[in-house]
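Peer 1: Structure provided below as structure tokens; questions to follow.
A short reminder: the numbers here are calculations on the coordinates, not readings from a lab. Note that the structure is predicted; figures quoted are calculated from it, not measured. Backbone-built Cβ (ideal geometry, glycine too); neighbour counts: all protein chains shown.
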Amino acid sequence: MTDKSDLPPFPSNPHLAELNPDKLYHIGYSTDDDLKQLFGDVKFVCMGGSTTRMANFAALVQKSLADVPGVRDAQSPCPPENISRSDRYVMYKIGPVLSVNHGMGFSSVSILLHEIIKLLYYAGCDDPVIIRIGTSGGIGIAPGTVVVTKQPFNAEIQPHHNVIVAGKVAQRESYMDEKTRKDIIACGQRLDDVSVVAGNTMSTDDFYEGQGRLDGAVCKTDLATKMAFLEQAKDKGVVNIEMECVVMGALCHASRVRCACVCVTLLNRLNGDQVNMTKEQHDRYQAHPQQVVIAYMRSVLTGEANGDEPSAKKSRL
Ligand code: R2B
Ligand code: URA
């Protein structure tokens, strides 16, 4: 049972104080569980679209950070087991690292984040950070490049998120944590064979028409319009397109949780729409953000890269 009496008010929803229990339906936990005991040591929530990628990532974290206190001392089974209690999302815990999948697109990532942010709050986690490790389409940069997002943009190339709340469109600010981004980039730049850049990221709720592709089942646009769209995004500093970042930036900013988005580009959209790559190449590219984020987590957990500076925007969860 979670003792809510010690917790500060939740910053973005006063109604939560009245809920007893609060059921986190899509991950299968609730405040009837002792969330502090189960998740109170979580410092990093790493999330990505696919279930398999996040299972593999959990095993990689366990192996790569085996010497790091916290991870080393955690009583994790080998390989880590899925502790999600629902089949909507998978969830693995390796000491202070939670590895979860978020599916594809706004609604899937948003449902997961509402519940993960509440979980972190009820567990009393100290300044946790949520990091998306994913894939994207690049604009004018080489495939395989890792982009750490500066400013998220929506599919209209605007730097905010539009969400429909009870039948009305609400505009929400969407931000990434600046210090976290800089720390991640610094760690990534020390790795051989991985190119890491900072840039703006556009999120769309559709892979095909939303991203200006001409290869979906339905297409009512043309090459010139698509190229103008991509060029306009590029002029605003957008270097990659994916399907979750702007939502993560909005929900985390409103709830005062730090977040970062670390995505590899699979193709250069200025050259085409189809993702044409071998499975080996896909696996190799997909590993790049994981390597960068593992290097970052190592630096935080060992206190080496940050000089133990407090983070710029300390989460109040
Ligand atoms: C990147 O890749 C997925 C679409 O293929 C989507 O989840 C995203 O953001
Ligand atoms: N993921 C996306 O959302 N878009 C791409 O072009 C590639 C991966």
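Peer 1: Hey, in the GNM for the chain with a 10 angstrom Cα cutoff, which one of 277, 176, 54 fluctuates hardest?
Peer 2: Per the Cα network of the chain with a 10 Å cutoff, 277 tops the list.
Peer 1: From the Cα trace of region 154-232, what convex hull volume per residue do you get, rounded to a whole Å³?
Peer 2: 149 Å³
Peer 1: Given Cα pairs under 8 Å that are at least 6 residues apart, what percent is the relative contact order of the chain?
Peer 2: Here the relative contact order equals 23 percent.
Peer 1: Kindly put 118, 182 in sequence by how many other C-beta atoms sit within 10 Å of each C-beta, fewest to most.
Peer 2: Starting with the residue having the fewest Cβ neighbours, the order is 182, 118.
Peer 1: Using Cα springs under 10 Å in a Gaussian network model of the chain, which residue among 191, 98, 113 shows the largest mean-square fluctuation?
Peer 2: 191
Peer 1: What's log10 of I(q)/I(0) for region 135-303 at q = 0.10, 0.11 Å⁻¹, Debye sum over Cα points only, no solvent?
Peer 2: Results for region 135-303 at q = 0.10, 0.11 Å⁻¹ read -0.38, -0.46.
Peer 1: For residue 114 and residue 34, calculate 0.36 nm times their separation in residues minus their Cα-Cα distance, and state this gained length in nm to one decimal.
Peer 2: 26.9 nm
Peer 1: Ranking 50, 136 by Cβ neighbours within 10 Å, fewest first, what do you get?
Peer 2: With the sparsest Cβ surroundings first, the list reads 50, 136.
Peer 1: Still on this structure, I have one more. Just to confirm my numbers, what's the Cα centroid distance between region 198-221 and region 157-183 in Å?
Peer 2: That distance is 19 Å.
Peer 1: Quick check: residue separation of residue 268 and residue 88 times 0.36 nm, minus the Cα distance between them. What number comes out in nm?
Peer 2: Value of the extension gain: 61.6 nm.
Peer 1: Order of 209, 156 from fewest to most other C-beta atoms within 10 Å?
Peer 2: Result, fewest neighbours first: 156, 209.
Peer 1: Rounded to the nearest 0.05, what FRET efficiency do residue 224 and residue 278 have when you use their Cβ-Cβ distance and R0 = 30 Å? Before the final figure, lay out the partial values.
Peer 2: Working: r = 32 Å, r/R0 = 1.05.
FRET efficiency, residue 224 to residue 278: 0.40.
Peer 1: With just the Cα atoms defining each centre, how far is region 75-113 from region 1-74? Give it in Å.
Peer 2: 9 Å
Peer 1: Would you kindly calculate the mean projected area, averaged across all directions, of the convex hull enclosing the Cα atoms of region 1-127, in square nanometres?
Peer 2: Taking the Cα atoms of region 1-127, their convex hull projects to 7.7 nm² on average.
Peer 1: Please state, rounded to one decimal and in Å, the Kirkwood hydrodynamic radius that the chain gives when every pair of distinct Cα atoms enters the mean of 1/r. Mind dumping the intermediate values first?
Peer 2: Working: mean 1/r = 0.0502 Å⁻¹.
Hydrodynamic radius (Kirkwood, Cα pairs) of the chain is 19.9 Å.
Peer 1: Looking at this model, which pairs from 179/234; 93/182; 43/279 are more than 30 angstrom apart at the alpha-carbon? Don't skip to the answer; put the middle values down first.
Peer 2: Numbers: 179/234 24 Å; 93/182 26 Å; 43/279 32 Å.
Cα-Cα > 30 Å for 43/279; rest within.
Peer 1: Top mean-square fluctuation among 236, 279, 23, Gaussian network model of the chain, C-alpha springs under 10 Å?
Peer 2: Checking each option, the largest mean-square fluctuation is seen for 279.
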